[in-house]
Structure formats: C-alpha cells, structure tokens
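Chemist: Encoded as structure tokens, here's the structure I'll be asking about.
The values are calculated or read from the model by the stated rules, or taken from the named source; none is laboratory data. No experiment lies behind these values; they were computed from the predicted model shown. Reconstructed Cβ throughout: ideal geometry from the backbone, glycine too, with neighbour counts over all protein chains shown.
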Amino acid sequence: MPKRLGCAHDAMQALRPVLGHPLAQTILCWVIASYIRLVWRTGRWTIVDGEGPLALNRNKRPFIAAFWHGRLAMMPYALGGAAQNINVMISNHRDGRMIARAVRFFGITIIAGSTSKGGASAFRSAVRALRDNAILSITPDGPRGPRMRASDGVAVLARFTGAPVYPVAFSTSRRKVLGSWDRFVLPLPFSRGVFVWGSPIAADAENDRETVESMRLKIESSLNAVTEKADRLTGQPVVMPAGDPSFAPAKRRYR
C-alpha cells in the first residue's frame, strides 16, 4: 500500500470509534449540511428544463425525482430550494444513515431502506408519501450499484402509484470525483453549477416483466443523458456508467 494511502487508512481506523458516537455523528452531519449550503450560496446556479417539476411542486402534485447515487450532494437544491414535502429513500447501510442525518437539516423526510433491499416497509412508505402528494427522491443505482445502472424498483413504484418519473442530475465547474463505486461528485464552492431535468417518464398500467424492463431501461437511459448533459454544460469530463468500455476515471478539473 502506498505510504499516503496507508496513513489515510490508519487515520480512519483511529477515528472510527469517535465517529461511531451519536454526538460526533450529529456534528459531522451538521458540517456536511453546512458545506452543501456553502456550495449553493457561493455558486452561480442554473436549472435547465425544470418547468415541469417546478409546476408540479407549486401545485402540490406528486412525482418521483430520480438521480444517480454519485449526484446526491446537491439534490436538496434541485428545484432551487423551493421544493416542499420532499421524501428521500436512503438505504439502511451505515453510509446511508449518515447521509440521512445530514439531509434532515434541510427539512427533508427520510424513508429508510430501498425498493430492492429490506424493501417492503420502504416501498409502503414511498407509496404513502406519493399518495400524500410528496416529491419522492430516489437513487435507482443505490445503495451499492452498479454505478449508473437502474434497478427495476423505481419502475415498479411508478407503475403502482401512477407518479411520473423525472430524471435529474447536477454538475459543477469545480469539483472532485471520488474513487468510490458511484464516482461520487463532490462540488466545490464558488462554482458554476447546473441542474438538468429530463422529460417525465410516464408509468404504464401493465405490470408484466417486459413492461417493467422497458421502463427501467428508459429511466436508465434518460438519467445517463441528463448526467452527461450536466457534465458537458459545466465543462467537465463525463462520468460513464459501470461496464461502459469507454469509461475512464474522471480527472480533477477546475474553472
């Protein structure tokens, strides 16, 4: 192991007992939330093609906002901070619980679990949220990937509730792309940023395997398209899906 990585690993091991303490976790999550607010307030942000979800939000109509796990950081501001009654489905994994505590600082309701893992209770909570006219935010490739490949849970949920699925992605002109499985995008302050929304994907009343698979592919394709567009609009290398032969790790790039 390289010396630098070894030192970082040793530091994380030493800090693990401290980070396991509830008070330390609360402080860390407050720091994360404060950092997200700093990035938002120091950035110059544009929302592209967001008229549809903005109108649904104003009229208190439900929809599903789907985004890749690696683009989670700025999603509390995907509608410019105007959204109300947002529910986010986040896994029960340790990292998921940490994210959940952080987004609560934005007044967001957490649904613990996923549509694929431990999912029955989470699925029922998601259905209730949509029937209460909430916005449901969900990562189709979470909690563990593969990166930018959609599971069928979102398609099943949309079909069951009739809620449209809106794909969305953000990118910034200054960022770091982490080496995690999802190529997590860490935006930096004083950036030029965009949120790109895709066209709504309507649920089909049929629930046969072919119909669900067709919708799953449509969600995946649409999400990859808006993610690519967001990266290109901010002058960043495009992060590719797992298994794509043209994938190369994104390099740091500042503007």
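Chemist: In segment 169-184, which residue that is in contact with a Leu (Cβ under 8 Å, 6 or more places away or on another chain) and assigned to a strand (DSSP E or B) is surrounded by the fewest Cβ atoms within 10 Å (Cβ to Cβ)?
Modeler: LYS176
Chemist: If a residue must be buried (at least 19 other Cβ atoms within 10 Å of the Cβ) and under 17 Å from MET74 (Cα atoms), how many such residues does segment 51-60 contain?
Modeler: 1
Chemist: If you don't mind, there's one more thing I want to ask. It is to be established whether one or more residues within segment 139-146 are acidic (Asp, Glu), assigned to a helix (DSSP H, G or I) and buried (at least 16 other Cβ atoms within 10 Å of the Cβ).
Modeler: No.
Chemist: Look at segment 33-48 and say how many of its residues are charged (D, E, K, R) and over 18 Å from the mean Cα position of the chain (by Cα).
Modeler: Total satisfying the criteria: 2.
Chemist: Given the criteria at pLDDT below 95, in contact with a Lys or Arg (Cβ under 8 Å, 6 or more places away or on another chain) and not aromatic (Phe, Trp, Tyr), does GLY193 qualify?
Modeler: Details: at pLDDT below 95: no; in contact with a Lys or Arg (Cβ under 8 Å, 6 or more places away or on another chain): yes; not aromatic (Phe, Trp, Tyr): yes.
No; evaluated as a whole, the condition is false for this residue.
Chemist: Among the residues of segment 72-87, which ones are within 22 Å of GLY193 (Cα to Cα) and assigned to a strand (DSSP E or B)?
Modeler: ILE86
Chemist: Considering only segment 213-225, I want to know if a residue exists there that is within 29 Å of SER125 (Cβ to Cβ), touching a residue at least 24 places away in the same chain (Cβ under 8 Å), in a loop (DSSP other than H, G, I, E, B) and within 17 Å of the chain's Cα centre (by Cα).
Modeler: Within segment 213-225, not a single residue is within 29 Å of SER125 (Cβ to Cβ), touching a residue at least 24 places away in the same chain (Cβ under 8 Å), in a loop (DSSP other than H, G, I, E, B) and within 17 Å of the chain's Cα centre (by Cα).
Chemist: Okay, next question. Quick check on my filter: what residues within segment 1-60 are of a type in the set (Gly, Ala, Ser), at pLDDT 90 or above and assigned to a helix (DSSP H, G or I)? Steps first, please.
Modeler: Pass one, segment 1-60, residues of a type in the set (Gly, Ala, Ser): 6, 8, 11, 14, 20, 24, 33-34, 43, 50, 52, 55.
Next cut, at pLDDT 90 or above only: 33-34, 43, 50, 52, 55.
Matches in segment 1-60: ALA33, SER34, GLY52, ALA55.
Chemist: Taking SER91 as meeting all but one of (1) at pLDDT below 95; (2) under 23 Å from ALA230 (Cα atoms); (3) not hydrophobic (A, V, I, L, M, F, W, C), write down the number of the exception.
Modeler: Going through the list (1) at pLDDT below 95; (2) under 23 Å from ALA230 (Cα atoms); (3) not hydrophobic (A, V, I, L, M, F, W, C), SER91 breaks only (2).
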